[in-house]
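Reading through the structure tokens given below for one structure.
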Amino acid sequence: MDSQPDVATVVAGMVSENESHRKLAVFHLQTLLSDPEFADTFVQGDGLPVLRRIILEDNANTLAYALGSLNRLLEQNLGWEEVGSEVIGRVRTAELLLRSGEQCEDRQHH
């Protein structure tokens, strides 16, 4: 039976200097945060500032996974204290980049 990693292990992966480790940690975090108990422990265990830092500093899939993780928390009414103007600006930038990428793909297919 697979055991669920603890919050400290996930946060350790999230603060890794290795981008692949960070990406893998936030990828798994999205699923782990579906469990309300894990989500609450993550918030209480100071995981939010680390997640915020990843949102502000990382790119590509790591950013996407971090935003997915934040979304899971917000759905449970957790994590709002880390959603400041910087995070909102980062989400808007990511959204604009995604839309411009979709428009480029549409032009290539037509």
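Each reported figure results from applying straightforward, stated rules to the coordinates on display, with no laboratory input. These figures come from a predicted structure and were not determined experimentally. All Cβ positions, even for glycine, are placed from backbone atoms using ideal geometry, and neighbour counts span all protein chains on display.
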Net charge within 12 Å of Gln76 by Cβ-Cβ distance, Lys/Arg positive one each and Asp/Glu negative one each, not counting Gln76 itself? -3
Does anyone have the angle between helix 19-32 and the longest principal axis of the chain? Alpha-carbon axes, 0 to 90°, nearest 10? 70 degrees
